[in-house]
Amino acid sequence: MTILLFGITKDIVGSSTLSVPTSSATGRRIPRTVKELKQFLGETYPELNKLSSLAVAVNNSYATDDEAINSYDEIALIPPVSGG
Amino acid sequence: MTILLFGITKDIVGSSTLSVPTSSATGRRIPRTVKELKQFLGETYPELNKLSSLAVAVNNSYATDDEAINSYDEIALIPPVSGG
Amino acid sequence: MEHRYSRQTVLRDFGEAGQAKLTKGKVLVIGLGGLGLPVLQYLNAMGVGTLGLMDQDVVELHNLQRQILYAERDLGKQKLDVVHEKLHEQNSSTILKTHDTFLTKENALDVIQNYDVIVDATDNFPTRYLINDTCVILNKPFVYGALHGFEGHVSVFNYKDGPTYRCIYPNMPSSDEVPNCNENGVLGVIPGIIGTMQALEVVKILTGMGEVLSGKLLLFNGLNQHVGKIAFKSNLTNKNISKLQEFYEPMDCEAILSISAKDFQSIRESGDKITLIDVRTIKEFNDNHLKEALNIPLNELSQKPIDEINKVIYVICQSGQRSKKAAKQLQEAYPSITFYNILGGMNKMMVLCP
Amino acid sequence: MEHRYSRQTVLRDFGEAGQAKLTKGKVLVIGLGGLGLPVLQYLNAMGVGTLGLMDQDVVELHNLQRQILYAERDLGKQKLDVVHEKLHEQNSSTILKTHDTFLTKENALDVIQNYDVIVDATDNFPTRYLINDTCVILNKPFVYGALHGFEGHVSVFNYKDGPTYRCIYPNMPSSDEVPNCNENGVLGVIPGIIGTMQALEVVKILTGMGEVLSGKLLLFNGLNQHVGKIAFKSNLTNKNISKLQEFYEPMDCEAILSISAKDFQSIRESGDKITLIDVRTIKEFNDNHLKEALNIPLNELSQKPIDEINKVIYVICQSGQRSKKAAKQLQEAYPSITFYNILGGMNKMMVLCP
């Protein structure tokens, strides 16, 4: 599944998109909820764990931590931004 | 099928969208190409016939007159605009 | 530490390299109205090295609703002068080139060849087609913006192998099919949104950063802030223009020819016979006037017949505003005569021949 | 005929009725930076009747890259003064209310209750959360804009039953997780795009025209001009705020307290003992200085120890620029002392006590 990255998450990952494997070929557990996705990404990019106020959108709607995700969902990480 | 209207076409029709029947219940011929669609609309809104330079987009791509259209296509009429 | 451009040079995808490219960039903005002003103000703020300004209108009251560079005290002044002054005050490092003219078939190739990117910020179809054709001939990219009510278009045409304006709109619409020249109105802030998007495209073209909006027409709907993009392709016929058309319709939306006070003074000095109508009040005329001037106050213009033996008639007032109205009114009444409005009026003439 | 707003009143969905609603509208813009300026310039041009301006910063060199209202000659001046003057020159009919302060827990409810729509054009999280909470308490809609690099956010929060800022971002991020105060930079033209979109939302709220961007977060990506919208819902907890928090972090991004020259003069006149450091050069100091001032030139500040017995120290220079730097440097070195920068410096003091 492809994840769109905004704000500081884009800077942390160094790219505006990120691909998450949806088969378990790598042996890692596949994230099934928003919360699991955050944990999954936090393992690779520990700086993401610091973001206490990170909004996640699934198919262009704000999603809570317990929302289920599927491989065909369009996911975006949208941290708060402060500039003005 | 639903047609999005921009610029002067919106002013002519008086609305930003227009619905075209896709079954022949009305007895009128159903438009199967961009050209037929223009003719179809021109019958109801004769002022549209004046637009010699009207762009039509099918599924967000510019379409030529002979392009086929289907009931599930997203269609937009985009006349040139001049203001600056 | 207090680097002027530090807020953008700190950006990884822009950096000092992006800033250096902006400094080298030469951008011509055609039209100093709702679109052209935000384009110029932001490019000037960001540090584009050379900016060309082109327009010949004066600031009018109904401009102020969307043309935020102008103050009330600028009413009646030449847009070119006001914009030049304000941009210089904003960034004294920018090289500002003023073109005191409208774009015409005669000057288009000469002017445009000196720039890297052209911004189409005009308000009429003939100039848009002239810009397109000239840019195709000279192989220059141009950043297009246009408005209608609550809507706006943005695209970059003729960028590298990309499509041109004629690849969407092959032929100029006739004057009775699509409103020209803002006849239909525009919500004040819409040109701000479209103009700033145009400025962003200029930055992307100059720096190579991001994706240029080539082969895509961006459609903005202000009523719901919906942004759509329509993809379109190059049509080779349109990429192979090798010369301008014989004829583009009159460029000035208000269709009045004008002449600078300086050029008019040269004609006076040449000794040719001149017909000059001064449309100020009798009192103003009696206070001072040019010796060859004939006084017909603006409000009496419709009653006084004009001798159609004249081929060219110049029209003057105090600042160039009333004479513009007068010239328009006369041009409609006497199509066989060519009327010229003297820009800046007596105010400018008094400086030239006190 | 030459109606100032004719280009928009001619629009069917806006008309004279829309114009009349703008005239009655009262809009507060918090922050006179990259976002606040285009919001104000367009709302002022379009004829919004009452505009409130709030900021206490001075114009700095690195502002000019995106804050297009300012000219080079405005460097060092109070933003509030410059903006007030320029907006008045642009549209003399607008009622302009100046708030010479930052938004604080103490003044937020008092100020915000007088307006119909609030524009969040700040550059820091504490003020955004304070605006949100105050608007929820007072039941006012606020138009949010924020930036990061090439990206921008726009939304309208607390519009009727719509969601609030806390419905997307429940809690303020700590200072080490997300960059605050433009530390990350912003491309000059991005605030122009976001600010004009904010102005459009204000117009829609005031006039009832179109669809307000409530319950949707607009995400703009300048690198590819992609615009996405994320839908979100109200969380009732966030709609039921009844009082402000005890504590919002310091509001000024640069975390320096300041005092107007006038207020400082009142303190002097009260006869209280004052500690005042003048950070100008020895020569400037010898030319003129306030009698209680102690001279420590800016470049010697780090070598000279400050007596920590002082609770409050005022810092002054010629215009308020060097003293701001000095106060920042001192505040970091001596956190137990409260430093105040005297706005406008000796220039202002000389007017008050010549």
Note to self: Which three extents, in angstrom, do the Cα atoms of the range C:114-216 have along their principal axes, listed largest first?
What the structure shows: 37, 29, 24
Notebook entry, point to check: Counting only Cβ atoms, what residue of chain C lies nearest to the axis that sends chain C onto chain D, and how many whole Å off?
Noted result: C:V227, 2
Note to self: Under 8 Å for C-alpha pairs, at least 6 residues apart: give me the relative contact order for chain A, rounded to a whole percent.
What the structure shows: 39 percent
Checklist line | DSSP bridge pairs, the protein assembly as shown: antiparallel proportion in percent, nearest 5 | finding: 45 percent
Next item on the list: In nm to one decimal, list the spacings between the A:A68 label point and its equivalents in the other copies, with label points set 7 Å along Cα to Cβ, shortest first.
Entry: 3.7
Next item on the list: Sort shortest first the distances from C:G208 to its counterpart in every other copy, using label points 7 Å along the Cα-to-beta-carbon line, and give them in nm.
Entry: 5.5
Next item on the list: Among C:N310, C:A261, C:S234, pick out the residue whose Cα is farthest towards the positive end of the charge dipole of the range C:207-318, where Lys and Arg carry +1 and Asp and Glu carry -1 on C-beta, about the Cα centre.
Entry: C:S234
Next item on the list: Can you give me the three principal axis dimensions of the range D:220-354 from its C-alpha atoms, in Å, biggest first?
Entry: 63, 41, 32
Next item on the list: Could you state the angle between the C-alpha long axis of helix B:34-44 and the longest principal axis of the C-alpha atoms of chain B, as a value from 0 to 90 degrees rounded to the nearest 10?
Entry: 80 degrees
Item checked: B from A by rotation - nearest chain A beta carbon to the axis, in Å -> A:N60, 8
Next item on the list: Specify the inter-centroid distance of the range D:95-112 and the range C:195-251, based on alpha-carbon positions, in whole Å.
Entry: 43 Å
Check: Remind me, relative contact order of the range D:98-233 in percent, using alpha carbon pairs under 8 angstrom and six or more residues apart?
Finding: 25 percent
Margin query: As a quick test, which of the pairs D:K77/D:K160; C:K216/D:K160; C:K273/C:K328; A:K38/C:K204; C:K105/C:K262; D:K204/D:K262 have an alpha carbon distance above 30 angstrom in this structure?
Written below: D:K77/D:K160; C:K216/D:K160; A:K38/C:K204; D:K204/D:K262
Item checked: Global form of the range C:6-239, assessed from the alpha-carbon gyration tensor, a/c cut-off 1.5 -> rounded
Margin query: What Kirkwood Rh does the protein assembly as shown have if only Cα atoms enter the pairwise 1/r average? Answer in Å.
Written below: 29.6 Å
Next item on the list: Measure nothing fancy, just the Cα-based angle from helix D:79-90's long axis to the longest principal axis of chain D, in degrees from 0 to 90, nearest 10.
Entry: 50 degrees
Notebook entry, point to check: For chain D, what's the relative contact order in percent, using C-alpha pairs closer than 8 Å and at least 6 residues apart?
Noted result: 15 percent
Margin query: What do you get for GluC sites (Glu not before Pro) in the range C:126-218 restricted to DSSP loop and a cutoff of at most 15 other Cβ within 10 Å of the site's Cβ?
Written below: C:E183, C:E211
Next item on the list: Every other copy gets compared here: list the nm distances from the C:P170 label point (7 Å along Cα to Cβ) to its counterparts, shortest first, one decimal.
Entry: 6.0
Check: Which ordering of B:I75, C:I316, C:I337 is given by a fewest-first count of other beta-carbon atoms within 10 Å?
Finding: C:I337, B:I75, C:I316
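Based on the alpha carbons, how large is the Rg to Rh ratio for the range B:2-78 when Rh follows Kirkwood? Write out the running numbers ahead of the final one.
Values: Rg = 11.5 Å, Rh = 12.5 Å.
Here Rg/Rh amounts to 0.92.
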Notebook entry, point to check: What does the helix-only formula give at 222 nm for chain C: each DSSP H stretch with n ≥ 4 adding -39500 (n - 2.57), the total divided by the residues, and the result rounded to the nearest 500 deg cm²/dmol?
Noted result: -9500 deg cm²/dmol
Notebook entry, point to check: Fewest first, what order do D:D74, C:D110 take by the number of other Cβ atoms within 10 Å?
Noted result: C:D110, D:D74
Note to self: What do you get for GluC sites (Glu not before Pro) in the range C:1-79 restricted to DSSP loop and a cutoff of at most 13 other Cβ within 10 Å of the site's Cβ?
What the structure shows: C:E2
Note to self: List the trypsin sites (Lys or Arg not before Pro) within the range C:304-354 that DSSP assigns to loop and that have no more than 11 neighbouring Cβ atoms inside 10 Å.
What the structure shows: C:K311
Note to self: Order these by the 10 Å Cβ neighbour count, fewest first: D:D287, D:D123, C:D263.
What the structure shows: D:D287, C:D263, D:D123
Notebook entry, point to check: Taking Cα atoms, how many degrees apart are the long axis of helix C:15-24 and the longest axis of chain C, rounded to 10 and kept between 0 and 90?
Noted result: 30 degrees
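FYI, it's all coordinate maths here, none of it is from the lab. Note that the coordinates shown come from a computational prediction; the quantities given were computed from them, not determined experimentally. Positions of Cβ are generated from backbone atoms using ideal geometry, with glycine treated the same way; all protein chains shown enter the neighbour counts.
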